[in-house]
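Here's the structure, in structure tokens; my notes come after.
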Amino acid sequence: GHYVNLVPPGLYGDVSGDKNMREVSPEEGEGMTFFMYEELLAFKQAASQLALTKDDINDVFYGNADRLLQEVATKLGGLRS
């Protein structure tokens with residue numbers, strides 16, 4: 001497959017030589033959002049539908065990150081206390 005990143009004009013300089021990037025029109029660029037915002041909005045909507053508590057949401061973001069970092073530190077020889 002072949003992917004193409006659609007980017008607002010000028011955001012990444014000259015992308016004409018990059019086969020995986022294409023500038024959109026200024027009008028299209030004004031309406032674009034970063035995918036991370038879309039993912040966070042989807043998570044927020046799902047959390048609301050599932051009636052997740054603040055503790056549940058904290059565990060998804062902080063808890064998962066903390067567990068991941070602890071696992072990596074353990075595998076690297078306990079660099080994290």
Sort through VAL15, VAL72 and tell me the only one that's in contact with a strand residue (DSSP E or B) (Cβ under 8 Å, 6 or more places away or on another chain), modelled with pLDDT of 90 or more and not hydroxyl-bearing (Ser, Thr, Tyr).
VAL15
Among the residues of segment 56-63, is any surrounded by 11 or more Cβ atoms within 10 Å (Cβ to Cβ), among the aliphatic types (A, V, I, L, M) and modelled with pLDDT under 95?
no
Scan segment 24-36 and report the pairs whose first residue is loosely packed, with under 10 Cβ neighbours inside 10 Å and whose second residue is in a loop (DSSP other than H, G, I, E, B), with Cβ atoms within less than 6 Å and a gap of 6+ or a chain change.
none
Within segment 23-70, residues being among the basic types (Lys, Arg) and over 20 Å from the mean Cα position of the chain (by Cα) number 1
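The values are calculated or read from the model by the stated rules, or taken from the named source; none is laboratory data. Keep in mind that this is a model prediction, so the values were computed, not measured. Cβ coordinates were reconstructed from backbone atoms using ideal geometry, including for glycine residues, and neighbour counts include every protein chain displayed.
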